Structures are given as C-alpha cells and as structure tokens.
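Participant: Okay, handing you the structure first.
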Amino acid sequence: MLSQLRAAWRRHDVQIGSIVVIMAAFFSALSPAFLTLSNLGDLLENYSVMAIMAAGLLVVLISGGIDISFEAIAAVSQFFVAIILVKFGGNWFTAFGLAGLFGALLGIVNALLIYYLGAISVIVTISTMTFYFSILMFMTQGRSIYDLPSWFTSDMSWLSIPFPVMVAAVALLVTLVLLSRSPVGRQIYGLGGNPEAAKRMGCNILGLQCLAYGYSGFMAAIGGIVQAHRVEEVVPYALIGRELDVLAAVVLGGASLSGGIGTVSGTVLGILLLAVLQNGLTLLGVSSYAFGVVTGAVILVSVTATAYASKRQQRRGVRDAV
Amino acid sequence: MMGPSEAAEQDRSEAAPAFIELLGISKHFGGVRALTNVDFTIRSGEVHCLAGENGCGKSTLIKILAGVHAPDNGQIVIDGHAHTHLSPAASQRAGIQIIYQDLSLFPNLSVGENIMFRHHVEKSVRPVNERKMMIHARDVMSRLGIELPTAETVGRLPIADRQLVAICRALAAEARLVVMDEPTASLTHHEIDALLETVGVLKSHGIATVFVSHKLEEVMRIAERVTVLRDGQRVGTYPASEIDRHRLSELMTGHKYTAALKPAFAGDANPILEVHGLSRRGQYEGVDLVVRPGEILGITGRLGSGRTELALTLFGMNPPDAGEIRIRGKRVRLRTNREAVRAGIGYVSEDRLSLGLVMPQSIADNIVVSVLNKLTGVLGLIDGGRRSELVDRWIGELHVRTKSAERPVRELSGGNQQRVVLAKWLATAPAILILDSPTVGVDVGAKEGIYQIVDTLAARGIAIILISDEVEEVLHQSHRILVMLGGRITASFDPAKVSEKELREVISA
C-alpha cells in the first residue's frame, strides 16, 4: 500500500494534480467566490482556447520538435475564415472545416521546412511565425473584423456546458486517442524518444512530422475560431504573444522539451494549474503584474523539480549498473 | 598464416545449409575501396564472428546485408536465391536483423512496446491494444528464457537488459539472422555470460548470430567460425577452435606481435607518489600504493572494484574520507581536479570520446585547453606563436596523423584521438599520469601505438598509473601490478613472476 502510494507520487500528473487540489482548497478558503459553479464554469471557458491549442502543441513536443508559430497560424486562419464567412456566409461546419484545413496546411509547411532543410524546429517555426503574422498584418493593415455573422457569435451550450468547453473536450479526447491508441501516435512517441531508431524501424519520418505539425496547426486554427466566437470579433494581433503561456502549460503538464514524453492528462492538469492560479489571484485582488511573477515562479519550480528528479534517477541508474 | 584458398576449402568441408552467401562482394566509396571481392557465408543457426580492425570493411559488409548499401559487384544469395543487392525492406523480410551498437531502442517507451514496435509501423491503422501487445512481448521473452518487466520504461534499465530487449525485438521480427555490432563493449563479465547464454537460445531456435567486434575474447567461447577482414579483403574464415587471441590479432593486423614483458624497473627509487590508508566509504578502503618516476604501475580489477573511484580521488574529483596522499614526500590535499593538475597529476579518462576531448573543436584547441593560462602574453590574451609552438611540438612527438592542427578532433581515428588526449595532458607537464582504460574501443594496431606512447612517457620520467581490466594489458605494460577487489588492494605482483592465468584467478576471486 505504502509502496503503491510512493510509486503513484512519483508520477508527474499525480504531483501536479495534488498541487492543483491544494491550490484550489487554499483559494476557496480565502475567497468564497472561488468555489462557485459560475466561477468554475468561467474558469473552464476562459482556458478552453488554450487547451485546444495545447493539445496540438503537445503532439509536436512529443515528436521531439517545438512549434512557436501556432498562434500566428491561428490568427491567419481566423482571419481567412472570417473573411469568407462575412462574404459568403456559412455554418459551423464550414468554419471549422476551412480553418482546420488552412491551419493544417500552414503546419505542414513547417514540417516540410524542418524535414527538407534539416533545420531545428524552433528556428523554423519562429521564422514562419514572423512570416505568417507579418503577411497578416500587411494584408489587413492591422484592421479588425467586427461584422461577424450572428450565428457565429451567439452563445451556445449543451447541458449547460458552454460551447468552447465542449470543443476543448473533443479536442483533448481526439488527441488522447491519437496518442495512446493509434499506431501513428505511438510512432510519434518513438520518433521523439529516438529519431535514429525510428528511422531504422522504418517509420515514415516525413509523414509523422507532417502529422505532428499539421495537427498543431489544425488545433491552433480550431482554437482561433473558438476564440473569435467568444470575443465576437477578429483582431489580427489578439493571439500573438500567448505562445509561451501555452508552452508553459504543456511543459508544466510533464511534456519534455527533448521529446518522447508527455500526456493529455498531464497537459489538462498543467492548464488547470495555471487557470486556478490566475483565477484565484484575480479573486484575491492581486495585480496582474504580480500574477506574472507568480506564474513564472511556479513554472521555474516545476521545471527545476522535474530536472532534479531525473538527474537523481540517472545517478541511481548508474549505481545500479555498477 | 592460412591462405584464402585453404580457408575456403574448410568452408566446404563442413556440411551445413548456407542461409546467406555473399559472393565476390566489392564496394567503393568515391576513390576508396571499402571491400574487394569478399566472400562471406552464414549458415543457419551458426554463431559467426566477423573480425577486423577499424576501417577493414566490417561495417560496410553489414550495411550491405542490411540493405543500406548496394554492392558494386557480387551476389547476395539467400536460401539459394541470388540478388544483386537488397533493399532495407527486403533485408528485413529475409529475416536479417541488425542490432547496432547504440541498440536503437526507444528509451521513453516500455519494454513491451519496444519489443513490439514493428507492429505500429506495419499495421498502422489497427488501434493499439496495450494488453495484447504486452502478452505478445512476454511470449517473445519466454522464447528466449528472459524475464523483464514489460511495463518498465527502457531508459530505466541497465545496459545489459536493454541489449536483451533489442534481441527480443529482433526475435519478434522473426529474425533468422541477428547481427550484433560490438555487443560486449559496455558489459561486465557477468552480463556477457548472460548475453552469450541468450545467443545459445537463439541458436537452438535455428537463428544465426554474427558478432561484429574487435574485442573477441568472450565471444570466441561461443563462436563456431571466425571471418577476418583486413583492408577490405577477406583474410580467411576459420573454425573458432583454431584461433586464439594472438593469432587473431596477427590475422587482423598482418603483423606478428611478440608479447614481451617489461624489463624490471631500474629507475629512481624515491617515490613520487605515496598513498597510505586511503579510504572512501562504499568505494574503496585502506589503499596503500607507491609509484616512482618513470615507473608504470598497473592497477587491475573488475568493474565496480573501486579502481576508477580511486583514480578519480587521485585526480581530486572524489575526496577521500581517510588516509593521506604524498607527492615527493609532501602531504597534499586534492579537493578539486585543478588542485590535482597543479600538483602535477594528469588523468586520461576511460570515456575518451565524451570526457577527454571536445569533438567538434580543433586538435590544437584540444591540446592547449588545460594550459591556456601558461600561454598568455600581452593583456592576458593567448599568444598565438607560443600556442602553435606547443601544438606542433606534441603533434610531432606523438605522431598525430593529420593534415592540419586546426582540423576538428572528430575527424581523427580512435588511435589518433587517444594521442591528442595524451598530448593535452603532456602539455601540462605532469609528474604523474593516470591512464584509465586507455585502449578501450581502440583496435589492435592502434593499441600497440598507445603502448609505445606510454613507454615513451615513462622513459621521460613520468610516473604512470595504468588502470585496465584487460589482464594481458597490465601484465605486459606494467612494472608492477596491483589487483583491486571489492574496494581493497588484494594482491601485488611482479609481472615476471605471475602468469596470466594466476592473475585472472586473483581478479575474479
């Protein structure tokens, strides 16, 4: 029993989960407004866009790469779809379909550049981020779109679950199935764990990278649509600058920046951790500047703890070997 | 030496079905001939060693088997069907599985998933059934008589177990031939025994094994035949029973080596280094030793006997709990490796590739890295003239073979890299040099070169502590031998008065 508990404690998601629960208890003790249905509902809705994008980014991180361009892809897809909806009309099916397709294509461009140039993903995606976003700003001259169709902007819910939360739940579920039940998903873990071995086992590396980056672009675009639906407008620079928040959430959730490691459950907990922290501090009236300091500290502590644990484990491994 | 024709005759005299025959294989890369008219036959279920020095064409031959390279000439006959070349897929379909030295496993995935990974690639639309995958993996392991936790992450396993996982994965792919590239390089004696046992099981399933190695001592116990390559040509194929270590190195290098002992030490009798009662809990205890200038002191013992820990202590990287170290009679405390360097101690590590050298940097930079503060001129900047003077001197004296001192170390052969490591330490003008397993991963010819360097150093009056688990090496290269066992020095020998066999027994007592 005790050893089982100890083994469970060593799992990253159990650790993060415990911290989320402790923080939630802390905030509900200090602020009666925290543990109310409406606050928790808001909390989930506020972070649903981040969750959708994190699902896509998670797949790229597991494949051993990184994607910095996804918010730019989301912004471009958002704008592209908004123009079509305003000009030709449409429905949710066309909105999601077009955005997903466009986002996936931009993501695949990343994959092709990384594969054929053999360049590091962080450099490639920073470049494409700048490129995509600059084209968007150039084309729009920074102008926003406000006259979105009313079907697009009106609130929807099912069993009182807000629409963005539903989309996030579906996105996470699809990602879960992709990563844990599909052979390609398992190959993506393999690719991230040891690229050379994946090549030798006959994995289609280009295909896997297109899938990972395409998926990230796809999810980013879906997230972009949901974000436009929530704020009822499309502002070209609204999403830019939030890449690192999403990345932080995924890394907090236990995904490794060196690839091969990461889970959907961990990512959900990583987002919840940031969400509870921000929501709680806001309710306590802490300034948003202080919030940045606290978030930064939490990420630093978490990343340090993970690195320390793996270093200790390595040392233990060496001792076992001798 | 046996001629190729004689050897070929032996091939025919033993009747066993050939599984794969490589006939008259030639391959060149650019202007370099990697293989010339090589024949290589693998019979079903046999254990075959492919031996040769680095650059003899072993890896090219394996890559032709794996379908990575297509030969320029020759035939590959599998089960009587002739092919001009194989594709990687065709090679795997024929049942050829290569286990590379790095094992190519997925450290982040479980044992079971690693064994069954091929399914993900081959049946890429069927949903993954974790439970079934683990059952299959256990099946494969039981065929080899292996038990490993299927759910454990491979990255947490010791190297020896990882190797078993790689073999299981080959078996799961319905291998008929498993090629192992340098499989014993990082294993202890005990682990090698376990590996050989597993190879025996493979054999009983009719699966052939080819060992590619230049350290064949252990493997020879189980091998039936040995094929030796030299300079891209087959020297011959011999029954393993006819080959011993000396004969093998002759065949591999084409030179006859005389294994003479060192003459008795006749130098300065005043010790330069004395160690009394040195202990560090859990590592070594009550170690006494003395080394004189120009003397080569061999320390041998198995992995885990405390030899490397002791060496690190003498280099200031592993402070002792008790005991004293004296240099030229003066008591010293070595708390960091910088203090050790200042006290005149040099250390050449076992892992020369990752610890001893900065691979992408130039030969010159590597040589001067530990003496940069002695090369400073105006304003504390490096004096280029003095730098190149120092570099040229050591490249010349140690015969480092390179076009320019500014080439990256990475491009050098193993033996030449080892010389650069030595040059780096010689530049610090050490009084005592600790060599930890200096010839690990170095082939026979280059080994001889390193021994010559060691002798030269000793002749210059440098005291040398040679740490090695190769019994033959300490026996022939030392003036005196200490044996470590379980953290203690259990015996001291004069090489002239002990046989290799006796020494071996004391080491594994």
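Participant: When you look at the Cβ of every residue in B:96-103, what mean number of other chain Cβ atoms sits within 10 Å?
Facilitator: Mean partner shielding for this stretch: 1.
Participant: Shielding by partners for B:155-162, please: the mean number of other protein chain Cβ atoms within 10 Å of each residue's Cβ.
Facilitator: That average works out to 3.
Participant: Per residue of segment B:103-113, in order, report the coupling 6.51 cos²θ - 1.76 cosθ + 1.60 (Karplus, θ = phi - 60°) as ³J(HN,Hα) in whole Hz, putting x for Gly and Pro.
Facilitator: Karplus values, whole Hz, x for Gly and Pro: 6, 6, 9, 9, x, 8, 9, 6, 4, x, 5.
Participant: I want the antiparallel fraction of DSSP beta bridges within the protein assembly as shown, as a percent rounded to 5.
Facilitator: Bridges in the protein assembly as shown that DSSP calls antiparallel: roughly 55 percent.
Participant: Also, I was wondering about something else. I'd like to know which of B:Ile243, B:Ala266, B:Ser279 lies farthest towards the positive end of the charge dipole of segment B:231-291, counting +1 on Cβ of Lys and Arg and -1 on Cβ of Asp and Glu.
Facilitator: B:Ile243
Participant: When a footprinting reagent is the concern and you count Cβ atoms within 10 Å, what order do B:Thr253, A:Thr153 take, fewest first?
Facilitator: Listed from fewest to most nearby Cβ atoms, that is A:Thr153, B:Thr253.
Participant: OK, next. Given a cut-off of 30 Å, name the pairs among B:Lys27/B:Lys123; B:Lys63/B:Lys424; B:Lys63/B:Lys203; B:Lys330/B:Lys447 whose C-alpha atoms lie farther apart than that in the structure shown.
Facilitator: Distance filter (> 30 Å) returns B:Lys27/B:Lys123; B:Lys63/B:Lys424; B:Lys330/B:Lys447.
Participant: Here's something else I'd like to know. Neighbouring Cβ atoms within 10 Å as the yardstick, rank A:Val184, A:Val294, A:Val226 fewest first.
Facilitator: A:Val294, A:Val184, A:Val226
Participant: Still on this structure, please answer the following. Taking trypsin sites (Lys or Arg not before Pro) as candidate sites, keep only those in a DSSP loop with at most 12 other Cβ atoms within 10 Å, then name the longest stretch of chain B containing none of them.
Facilitator: So the longest stretch without any such site is B:124-255.
Participant: Taking the Cβ of each residue in B:Ser91, A:Ser144, B:Ser413 as the centre, tally the other Cβ atoms inside 10 Å and list the residues starting with the fewest.
Facilitator: Ascending number of Cβ neighbours within 10 Å: A:Ser144, B:Ser413, B:Ser91.
Participant: Moving on. Run the dipole for segment B:45-188 about the Cα centre, Lys and Arg Cβ at +1, Asp and Glu Cβ at -1, nothing else charged, and hand back the magnitude in debye, nearest 20.
Facilitator: 480
Participant: 222 nm [θ] for chain B, helices only, -39500 (n - 2.57) per DSSP H run of 4+, per residue, to 500?
Facilitator: Helix contribution divided over all residues of chain B: -9500 deg cm²/dmol.
Participant: Quick one: which residues, 5 or more positions from A:Ile68 or on another chain, have an amide H under 5 Å from its amide H? H modelled 1.01 Å from N in the peptide plane, none for Pro or chain starts.
Facilitator: A:Thr125, A:Ile126
Participant: Measure off 7 Å from each Cα along the Cα-to-Cβ vector at B:Leu381 and B:Arg393, then give the distance between these two points in nanometres to one decimal.
Facilitator: Placing both labels 7 Å along Cα→Cβ, they lie 2.3 nm apart.
Participant: Mind listing the phi-derived Karplus ³J(HN,Hα) values for segment A:72-81, rounded to whole Hz, using 6.51, -1.76 and 1.60 with θ = phi - 60°, and x for any glycine or proline?
Facilitator: 5, 4, 4, 5, 5, 5, 4, 5, 4, 5
Participant: Starting from the amide H of B:Phe19, placed 1.01 Å from N in the peptide plane, find each other amide H under 5 Å away whose residue is 5 or more places distant or on another chain.
Facilitator: For B:Phe19, whose amide H was placed from the backbone, the distant partners under 5 Å are B:Ile42, B:Arg43, B:Ser44.
Participant: Please list 3J(HN,Hα) in residue order for segment B:500-509, calculated via the Karplus relation 6.51 cos²θ - 1.76 cosθ + 1.60 where θ = phi - 60°; whole Hz, with x for glycine and proline.
Facilitator: 4, 5, 4, 4, 4, 5, 5, 5, 9, 4
Participant: What is the mean number of Cβ atoms from other protein chains located within 10 Å of the Cβ atom of each residue in peptide A:220-229, rounded to a whole number?
Facilitator: 0
Participant: Another question, if that's okay. Pick out, from A:Gly190, A:Val76, B:Ile395, the residue whose Cα sits farthest towards the positive end of the charge dipole of the protein assembly as shown, with +1 on the Cβ of Lys and Arg and -1 on the Cβ of Asp and Glu.
Facilitator: B:Ile395
Participant: Mind listing the long-range amide H neighbours of B:Leu273? Cut-off is under 5 Å, sequence gap 5 or more, other chains count too, H placed in the peptide plane at 1.01 Å from N.
Facilitator: Hits under the 5 Å cutoff: B:Val291, B:Arg328.
Participant: Dipole of the protein assembly as shown (Lys/Arg Cβ +1, Asp/Glu Cβ -1, origin at the Cα centre): which of B:Leu177, A:Ile271, A:Gly64 lies farthest to the positive side?
Facilitator: So the residue furthest toward the plus end is A:Ile271.
Participant: Quick one: Cα centre-to-centre distance for segment B:470-492 and segment B:287-360, in angstrom?
Facilitator: Answer, in whole Å: 16.
Participant: How large is the dipole of chain A about the Cα centre if only Lys and Arg carry +1 and Asp and Glu carry -1, each at its Cβ, rounded to the nearest 20 debye?
Facilitator: 1280
Participant: Another one. Only helical DSSP H runs with n ≥ 4 go in: add -39500 (n - 2.57) per run for chain A, normalise by residue count and round the 222 nm mean residue ellipticity to 500 deg cm²/dmol.
Facilitator: For chain A, the value works out to -25500 deg cm²/dmol.
Read the figures in this text as sums done on the coordinates, not as results from a lab. Everything quoted here is computed from the prediction, not taken from an experiment. Positions of Cβ are backbone-derived with ideal geometry, glycine not excepted, and every protein chain shown enters the neighbour counts.
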